[in-house]
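Enquirer: The structure that follows is given in the form of structure tokens.
Taken together, the values in this text are just the output of simple stated rules run on the coordinates, not laboratory data. Please read these numbers as outputs of a predicted model, since none were measured by experiment. In this analysis, Cβ positions are derived from the backbone assuming ideal geometry, glycine residues included, and neighbour counts consider all displayed protein chains.
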Amino acid sequence: MDMIVDVVMRCRNEMPHTPRALDALLAQRNVTPRVFFFDCASTDGSRQEASRRHLPILDVDPSTYIPGVVLNRGMRATTSEIVAFINADAVALDPFALEALIEPLLGATTLAATFGRQEVRPEAGRLTTLDQERAFGVERPVALARGSFFSMAASAITRQAWRLLPFDETLRYSEDVDWTTRIRALGLGVEYRPRARFEHSHDYSLRQHFVRRRGEGAAESQIFRLGQPSWRELVRPLAGSVVRDLRQGAFTSLPTRVAQAVGFYLGRLTPVPRPPRGCLEPGTSRD
């Protein structure tokens with residue numbers, strides 16, 4: 001008999017990916033997913049897709065959305081000892097992706113969480129593809145200057161670890177980075193599972209890049225107790241990313257990199273961001 005694993009699926013207008021993500025998840029082998037669909041006022045038909053598959057739907061109020069609150073609510077709504085978090089636009093690329101994601105956590109005493117490899121959509125832009133391939137390597141994820149890379153978009157955690165350390169309910173961004181940073185400080189591990197392959201990527205606008213990185217800069221100041229940044233912390237990352245892009249043949253990346261770098265720098269200068277309007281996209285990318 002297959003093992004039953006609760007899956008928290010967060011959604012905010014994720015069509016046309018929602019039905020593909022649901023069908024791929026419900027077709028998983030060796031693991032039976034019990035899906036809890038957390039819907040944040042979707043108006044594009046995503047909610048109806050979950051209803052059509054007779055899944056329990058839990059409503060999230062977009063006016064009071066805080067990521068950590070929803071994650072903790074998801075853990076309280078579920079009962080399995082391992083809980084997976086799969087975004088409503090993250091599509092499992094084979095029927096054993098969920099099994100690969102949770103396998104290391106079975107009976108684990110020193111491992112708290114896993115996260116899978118996210119591959120770009122067929123229509124993804126050149127810069128999105130380069131960033132995603134760098135972030136989610138074939139063997140290991142990207143190394144960061146502070147903390148360790150992690151993404152909740154296709155992940156799993158143990159209930160034991162969550163009982164020990166619930167998600168922070170004050171952060172507006174990077175709640176997953178905060179949780180894994182603190183869980184590692186307690187001596188528990190987080191493992192990257194490249195065999196757990198999911199299709200998940202976004203081609204953001206310049207404004208979206210700016211807003212996202214500003215929120216992440218503010219959150220990182222809180223998480224790592226950083227002081228005010230110097231101008232070098234704006235120039236050096238920007239120059240480094242542009243040089244890397246040029247080496248990879250991305251000759252039109254400058255506007256995007258400027259939006260990202262300036263957004264992150266301004267977030268560092270103002271470490272308490274204003275509350276977002278409506279639901280944020282679940283999970284946070286730091287590539």
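Enquirer: So for the chain, averaging the separation of alpha carbon pairs under 8 Å that are six or more residues apart and normalising by length, what relative contact order in percent results?
Expert: 22 percent
Enquirer: Right, next: Please return the longest stretch of the chain lacking exposed loop sites, where trypsin sites (Lys or Arg not before Pro) count only if DSSP places them in a loop and at most 12 other Cβ atoms lie within 10 Å.
Expert: 30-145
Enquirer: Considering every pair of different Cα atoms, what Kirkwood radius, in Å, is found for the chain?
Expert: Kirkwood hydrodynamic radius for the chain: 19.3 Å.
Enquirer: Ok, one more. In terms of modelled amide H atoms, which long-range or inter-chain residues lie less than 5 Å from the amide H of V35?
Expert: V7
Enquirer: What is the angle, in °, between the Cα long axis of helix 175-185 and the longest principal axis of the Cα atoms in the chain? Nearest 10 is fine, range 0 to 90.
Expert: Once rounded, the angle reads 90 degrees.
Enquirer: Rank A143, G125, L106 by how far each Cα sits towards the positive end of the charge dipole of the stretch 95-160 (+1 on Lys, Arg Cβ; -1 on Asp, Glu Cβ) and give me just the farthest.
Expert: It is A143, whose Cα lies furthest towards the positive end.
Enquirer: Restricting to Cα pairs below 8 Å that are 6+ residues apart, what does the relative contact order work out to for the stretch 174-279? Please round to a whole percent.
Expert: 39 percent
Enquirer: While we're here: Hey, what angle do you get for helix 232-247 against the long axis of the chain, alpha-carbon based, 0 to 90 degrees rounded to 10?
Expert: So the inclination is approximately 70 degrees.
Enquirer: In whole angstrom, and with the biggest value first, how far do the Cα coordinates of the stretch 96-237 range along each principal axis?
Expert: Principal-axis extents of the Cα atoms in the stretch 96-237, largest first: 47, 39, 24 Å.
Enquirer: Here is a further query. Need one number: % antiparallel among DSSP beta bridges in the chain, to the nearest 5.
Expert: Roughly 30 percent of the DSSP beta bridges within the chain come out antiparallel.
Enquirer: 7 Å from Cα along Cα→Cβ at both W231 and A143: what's the point-to-point distance in nm?
Expert: 3.0 nm
Enquirer: Hey, how many Å between the Cα centroid of the stretch 151-171 and the Cα centroid of the stretch 87-112?
Expert: So the two Cα centres are separated by 14 Å.
Enquirer: Using the Cα centre of the stretch 1-113 as the reference point, and only Cβ charges (+1 on K/R, -1 on D/E), how large is the resulting charge dipole? Debye, rounded to the nearest 20.
Expert: For the stretch 1-113, the charge dipole is close to 200 debye.
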